[in-house]
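Taking it in order: structure first as structure tokens, then the write-up.
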Amino acid sequence: MCVYVTTFTLLILLTHRLLIDELLVSYKLASIVAELELAIVYDSIDRLLRVRAARVERVVKGKKESRIKGKTKSKDKSESRSKSKGKIKGKEKEKDKSRKLINLGVLSSLSS
């Protein structure tokens with residue numbers, strides 16, 4: 001009877017040990033799979049971020065180019081406007097000078 005109990009106990013211990021080994025192996029496999037899944041997720045996130053950054057860079061570069069193009073066009077327009085305004089201002093200055101001279105002439109004629 002004692003032999004049966006000891007063999008039964010040994011069988012239980014062996015199966016218990018095998019179960020523990022299986023659990024450890026399955027745990028290790030599960031952790032490896034989890035690490036691989038995380039690596040895949042991180043890789044896909046990294047790829048998405050790189051693609052997004054490239055898109056943003058293209059958009060920003062395009063906006064800068066359009067701003068540069070717009071600025072050169074607006075500079076040409078503003079220069080032509082300022083030139084025309086300068087002419088108008090110059091004419092107004094001439095008119096002001098002639099008015100002052102006329103006013104001085106009128107004043108001088110009145111005073112004499």
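Miscellaneous remarks
- Full-stretch length increase - residue 49, residue 37 - with 0.36 nm per residue and alpha-carbon distance subtracted: 2.5 nm
- Extent along principal axes [Cα atoms of region 1-57; Å; largest to smallest]: 82, 7, 5
Each value in this text was obtained by applying a stated rule to the coordinates, not by laboratory testing. Just so it is clear, the structure is predicted and the values come from calculations on it, not from any experiment.
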